[in-house]
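Just below is one structure, and these are the notes that go with it.
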Amino acid sequence: MKLKEGFILREVAGEHVVLSISAEMDLNGMLTLNSTGRTLWCALEQEVQMSDLIQALLNEYEVDEQTASAAAADFVEKLKELDLLA
């Protein structure tokens, strides 16, 4: 899985936000990410599998695999709902 083209991640006033750079893609403003979301978003800029997302969280945070797996699954589901995955 991978993110669709047309979005950029920026840090604005200490917040991680995703902005649409395409007229065809509209987030109705911007999408704010927490640090976990930022980690997963950055991983999804390349073609990855769910196991890669889980590993990215395990590498970045002191969490167990079950917690990392649940967080990754929730994030991917939200991206699917927003139609942000290619």
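General observations
- Subset tally (residues that are in contact (Cβ under 8 Å) with a residue 40 or more places away in the chain and closer than 17 Å to Glu5 by Cα) for region 30-60: 6
- Extreme residue, nearest to Leu3 (Cα to Cα), among residues of region 63-86 that are at pLDDT below 95 and acidic (Asp, Glu): Asp83
- Among the residues here, Leu19 does not qualify as modelled with pLDDT of 85 or more and under 19 Å from Leu84 (Cα atoms).
Per-residue answers, yes or no, for (1) part of a helix (DSSP H, G or I); (2) at positive phi; (3) not aliphatic (A, V, I, L, M):
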| position | (1), (2), (3) |
| --- | --- |
| Leu9 | no, no, no |
| Trp41 | yes, no, yes |
| Ala68 | yes, no, no |
| Asp83 | no, yes, yes |
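- Each residue in region 38-58 was checked for being surrounded by fewer than 19 Cβ atoms within 10 Å (Cβ to Cβ) and either closer than 20 Å to Val17 by Cβ or among the basic types (Lys, Arg) (or both), and 3 of them qualify.
- Checking each residue in region 59-86 for being closer than 16 Å to Val18 by Cβ and open to solvent by 20 Å² or more (accessible area, probe 1.4 Å) picks out Phe75, Lys78, Lys80, Glu81, Leu82, Asp83, Leu85, Ala86.
The values are calculated or read from the model by the stated rules, or taken from the named source; none is laboratory data. Small disclaimer: the values here were computed from a predicted structure and weren't measured. No Cβ is skipped: glycine too gets one built from the backbone with ideal geometry, and neighbour counts run over all protein chains shown. Surface accessibility is based on the protein's heavy atoms, side chains included, excluding ligands, DNA and RNA. Shrake-Rupley method; radii C 1.70, N 1.55, O 1.52, S 1.80 Å.
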